[in-house]
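Take a look at the structure below.
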Amino acid sequence: MTVAGPAIELEHVVRRYQRGGTVVSALDDVTLAIPRATFAVVVGPSGCGKSTLLNLIAGVDRADSGSVRVCGEELTRASEAALTALRRRAIGIVFQAFHLVPNLTAEENVALPLALAGRADPARVRELLARVGLEHRRTHHPGELSGGEQQRVAVARALVHRPALVVADEPTGNLDSANGREVLALLDEMRRQEGATLVLATHDEGIAARAERVLALRDGKLVTPPAPALLGR
């Protein structure tokens, strides 16, 4: 899908939550734009709004006010059906906790986004499993795979429908450093080959150093320029 303008545009976005008797501003007047085919990272301490920002971009949460445009579509007032259709068509999501379906094989997990969209492309599924080095494990279930293997399946699943945007929330957080580096390199390589925009939340300074764009959050606000201390937990 070809879209004119930035892949992601937020204008004066506010997102608040009720926590007990307190209102928490997860995002406070955030404005940003991320060009297409960019590798961007979101950094900041825990609770600063990173996951909230990614959830808004992925269309799984809604802003209280402001504008969120992704792949040329306004999400703030879109229907749930429209958001679901956008995710199935144009957005891939990689979770920290993998979120693979335990009773499906690696191959079936990768094929799931296509199945939900009423499509089948076995050749594409096999291609991605080969690219993540797991074609020989395609009939194994998640419980039979290591953490690094499960995350590589999750990466393949996120890319199988050729999304214009890939959103990854701490995708290396549950992996050791070697597997984390491998998954990051895989995500970066595959998003470049696919021409996708990658937005990744992290606490890892090494990951941030590889990005083309760094967005730093503190207390729900963008901080410019990002300070090294914001990478800490």
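Nothing in this text is a laboratory measurement; each read-out follows from the coordinates by a stated rule. Worth saying up front: this structure is predicted, and the values here are computed from it rather than measured. No Cβ is skipped: glycine too gets one built from the backbone with ideal geometry, and neighbour counts run over all protein chains shown.
Straightening the chain between residue 73 and residue 117 buys 13.9 nm, computed as 0.36 nm per residue apart minus the Cα-Cα spacing.
Between residue 127 and residue 29, the C-beta separation translates, for a Förster distance of 45 Å, into a calculated FRET efficiency of about 0.55.
With an 8 Å Cα cut-off and a minimum separation of 6 or more residues, compute the relative contact order for the chain in percent. Answer for the chain is 29 percent. Phi-derived couplings, Karplus 6.51 cos²θ - 1.76 cosθ + 1.60 at θ = phi - 60°, listed residue by residue for the stretch 131-144: 5, 8, x, 10, 4, 6, 10, 5, 8, 7, 8, x, x, 9 Hz, with x used for Gly and Pro.
In this simple spin-label approximation, residue 210 and residue 181 carry label points 7 Å from Cα along the Cα→Cβ vector, and these lie 1.0 nm apart.
Shown is the FRET efficiency for residue 219 and residue 65, computed with R0 = 22 Å from the Cβ-Cβ distance and rounded to the nearest 0.05: 0.80. Taking θ as phi - 60° and the Karplus parameters 6.51, -1.76 and 1.60, the scalar couplings of the stretch 111-117 work out to 6, 4, x, 5, 4, 5, 8 Hz in sequence order, x denoting glycine and proline. Using a Gaussian network model of the chain with C-alpha springs under 10 Å, which one of 222, 165, 116 is most mobile by mean-square fluctuation? Comparing 222, 165, 116 in the GNM, the peak value goes to 116. Model label points for residue 84 and residue 16, set 7 angstrom from Cα along the Cα-to-Cβ axis, are 3.1 nm apart.
Taking Rg and Dmax of the Cα atoms in Å as the quantity of interest, determine which of (i) 17.3, 53; (ii) 22.2, 66; (iii) 19.8, 71 was computed from the displayed structure. After the calculation, the listed value that fits is (i).
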